[in-house]
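One structure is given below, encoded as structure tokens.
The values are calculated or read from the model by the stated rules, or taken from the named source; none is laboratory data. Predicted model, so just to flag it, every value in this text is computed and none were measured. Quick reminder, even Gly has a Cβ in these numbers, built from the backbone with ideal geometry, and neighbours come from all protein chains shown.
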């Protein structure tokens with residue numbers, strides 16, 4: 001995975017970078033929230049580990065911006081903090097954090113949390129792909145819904161989106177309709 005580390009403490013940033021690289025991940029490391037946001041927009045990492053308190057933009061604000069960014073790929077955000085109080089946990093979750101890592105961090109705990117992040121990101125990708133599949137009849141082009149009922153294409157799409165249809169004939173079907181094209185069955189179907 002490509003992992004962005006946003007940590008203002010140089011020693012912590014170097015330690016996190018080394019551990020994550022040894023785990024086989026690509027590491028991008030920055031020392032403040034503003035630079036993290038810029039890097040995120042360009043590189044679109046799968047995981048962001050961000051310190052809570054940093055110069056410029058703090059971790060929760062970075063998390064909020066990541067959640068608001070229009071993107072097709074989900075980003076897993078881990079807030080790294082020495083602040084263990086319930087209020088901080090709730091504020092971080094409200095900002096959109098997926099997980100927390102407390103300082104000083106444990107290497108094995110970090111490894112496990114990254115494994116969970118990878119698993120969640122893989123599931124998210126699979127769900128997105130499955131959501132993009134529509135069971136459609138090869139002959140009549142009706143679409144099957146979640147209740148196994150079949151609907152005409154226009155009805156199915158129209159009831160789930162703001163899309164409306166205007167009907168016309170493409171040049172191939174126009175030729176077919178007039179009986180001079182491929183098949184010439186006169187009903188516009190092949």
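Overview of results
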| item | result |
| --- | --- |
| Test: residue in the stretch 131-148 that is under 30 Å from residue 47 (Cβ atoms) and either modelled with pLDDT of 85 or more or part of a helix (DSSP H, G or I) (or both) | yes |
| From 90, 49, 79, residue being assigned by TED's automatic domain parsing to the domain that holds residue 125 and surrounded by fewer than 20 Cβ atoms within 10 Å (Cβ to Cβ) | 90 |
